[in-house]
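The values are calculated or read from the model by the stated rules, or taken from the named source; none is laboratory data. Since the structure is predicted, the reported quantities are computational estimates derived from the model, not experimental observations. Cβ sites come from the backbone with ideal geometry, for glycine too, and all protein chains shown count toward neighbours. Side chains included, ligands, DNA and RNA excluded: accessible areas come from the protein's heavy atoms. Shrake-Rupley method; radii C 1.70, N 1.55, O 1.52, S 1.80 Å.
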Amino acid sequence: MNMDQKGPRVIVALDYASAAEALAFAQRLDPKRCRVKVGKELFTVTGPALVEQLVARGFDVFLDLKYHDIPNTVASACKSAAALGVWMMNVHASGGRTMMQAAREALAGLSRPPKLIAVTVLTSLGAEDLRETGQMEAPQLLVERLARLAAASGMDGVVCSAQEASLLRRACGPAFCLVTPGIRLADAAQDDQKRIVTPQKAISDGADYLVVGRPITRAADPLAVLDRINADIAAALKSSAGKMSR
Ligand code: C5P
């Protein structure tokens with residue numbers, strides 16, 4: 001178990017098609033050892049009730065709906081999501097400064113505001129896809145540009161590939177929250193993730209939270225895999241702390 005001040009670093013992606021499956025799986029998890037993520041597929045099927053049930057069971061919920069709309073609409077959506085008691089939510093940084101600031105303002109005044117993070121560039125988009133949409137900058141430069149804009153617009157952090165973590169840690173400073181999917185244990189199946197990173201590497205490169213789906217959800221013994229990832233994270237944190245104090 002991670003006993004560092006940030007609490008559990010693993011966010012388990014509950015990528016299920018029904019509330020029953022998601023809740024049955026959550027039953028096998030321990031909120032002290034992980035957080036959970038509800039994305040568009042599950043939320044579209046179950047609506048806010050499932051989020052409230054997970055919160056009631058003691059889970060920190062990352063509501064991964066990637067809002068991208070006019071500022072007023074995104075601000076209202078963020079306010080509604082916060083009312084569900086979620087721990088983290090996200091918007092698209094490409095929605096622009098005014099949209100992100102509106103989202104931030106919508107959460108101002110809450111006693112325990114959720115972490116508000118931004119998506120920079122979807123990792124499914126390559127240079128050619130971006131060019132077709134008129135974004136001529138190299139993907140990595142665009143990621144850095146959008147992460148800096150997110151920071152300047154009051155976001156708490158970004159979702160990024162673990163391979164971008166060290167770059168963004170340098171660009172956006174130590175307090176900026178980096179959430180990284182695409183995590184695999186060294187000996188695990190890659191599934192459809194192309195650029196995978198181990199938990200140790202992601203943490204030592206500066207990631208704060210790791211989104212992990214199938215390596216845990218499809219494991220015969222999910223808690224055993226979670227424990228192994230948590231142990232790897234604890235070792236990486238200890239080794240990073242050792243390096244800092246040297
Ligand atoms: O099963 P797996 O560990 O690949 O799941 C990763 C989770 O993170 C999924 O919910 C996926 O949608 C999400 N994600 C991702 N890559 C991104 C952004 C989000 O895999 N770039």
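So if I take the alpha carbon set of region 10-245, get Rg, then get Rh from the Kirkwood formula, what is the Rg over Rh ratio? Working shown, then result.
On the way: Rg = 17.4 Å, Rh = 18.3 Å.
So for region 10-245, dividing Rg by the Kirkwood Rh gives 0.95.
Excluding ligands, DNA and RNA, what is the solvent-accessible area per residue of the chain at a probe of 1.4 Å, expressed in Å²? Spell out each step's value before the answer.
Numbers: 11720 Å² over 246 residues.
So the chain comes to 48 Å² accessible per residue, rounded to a whole number.
To the nearest 20 debye, what charge dipole does region 183-231 have about its Cα centre, counting +1 at the Cβ of each Lys and Arg and -1 at the Cβ of each Asp and Glu?
Numbers: 7 positive and 7 negative charges, 31 e Å.
It works out to roughly 140 debye.
Between Gln200, Gln163, Gln135, find the one with the highest GNM mean-square fluctuation for the chain; connect C-alpha pairs within less than 10 Å.
Gln135
Carbon and sulfur: what percent of region 10-245's accessible surface (1.4 Å probe)? Don't skip to the answer; put the middle values down first.
Working: 5770 of 10910 Å².
With neighbouring chains kept in place, the figure for region 10-245 is 53 percent.
Would you mind working out the magnitude of the charge dipole of the chain relative to its Cα centre, with +1 at each Lys and Arg C-beta and -1 at each Asp and Glu C-beta, to the nearest 20 Debye? Walk me through the intermediate numbers first.
Working: 30 positive and 25 negative charges, 150 e Å.
Roughly 720 debye for the chain.
Straight-line reach from Lys238: which lysines have Cα under 24 Å away, leaving out those fewer than 8 places along the same chain?
Lys6, Lys32, Lys201
Counting other C-beta atoms within 10 Å, and keeping those with at most 16, which DSSP coil trypsin sites (Lys or Arg not before Pro) do you find in region 161-203?
Lys194, Arg195
With charges only on Cβ, +1 for K and R and -1 for D and E, what is the dipole size of region 1-137 about its Cα centre, in debye, rounded to 20?
600 debye
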